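The values are calculated or read from the model by the stated rules, or taken from the named source; none is laboratory data. Everything quoted here is computed from the prediction, not taken from an experiment. Don't worry about glycine lacking a Cβ; one is built from the backbone with ideal geometry, like all the others, and counts go over all protein chains shown.
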Amino acid sequence: MRAFRLYSGEFWRGLLWAALLLLVACFVLSNAKAAEAHEVSHGWRQHRHYHHVHHARHHHRAHGHRRWRVKDARKYRAIFEEWDNAPRSNILADARRYLGMGNVTGHAGPWCKWFLNKILRETGHYWQPSGRAIDARLLGPRTYPHPGAIAYTSHHTGFVVAAERGRVLLLSGNHSHRVGIGWYREAGMHFVEPR
């Protein structure tokens, strides 16, 4: 009788613990699989979306410029009308023709400098076959921000349209993956005069 009681008590306690451990293991495993599936799905969406937004997000947040929109043409009409009187108006007039277009350079990867090269070549100014934004420093003598000047940093370059209160309005390629116009902080920028 004693053997039966010991057997029955230990047996049922052991069985109960085994069942509880099995339930915990199943719960943990199912949560891990669900989390992995979500991570893979989310990671794929991030990967797919990354190439579309990374460049734009970098410039919008780190350099404070706005996306070019068609309605901005009305807002900047007064500035556009002054381009004809700018010292390098032929550069701005030529670049303006491409506003809103995608990559018009034929070069893959970052193409702001290639757009700069294209406009300089089309307008008969000195250019050099480099796609690095920082190489814009070689395109002319140093100057101040004014319409038609070239502005550049280590990662972006474009033509100055206007400057005011520590900001510079640039017309550039690869601005949210298009030829666009937007305000940038003047701090950290350098400017050269096209030759």
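See the values below:
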{"quantity": "Hey, L116 modelled with pLDDT of 95 or more, among the hydrophobic types (A, V, I, L, M, F, W, C) and more than 24 Å from the chain's Cα centre (by Cα) or not", "calculated": "no"}
{"quantity": "Pick from the stretch 87-113, criterion of a type outside the set (G, A, S) and assigned to a helix (DSSP H, G or I), ranking: farthest from the chain's Cα centre (by Cα)", "calculated": "N90"}
{"quantity": "Some residue of the stretch 126-133 being polar (S, T, N, Q), closer than 19 Å to H107 by Cα and within 19 Å of the chain's Cα centre (by Cα)", "calculated": "no"}
{"quantity": "Residues of the stretch 153-183 satisfying the condition of being more than 16 Å from I134 (Cα to Cα) and surrounded by fewer than 22 Cβ atoms within 10 Å (Cβ to Cβ)", "calculated": "A162, A163, E164, R165, G166, R167, S176, H177, R178, W183"}
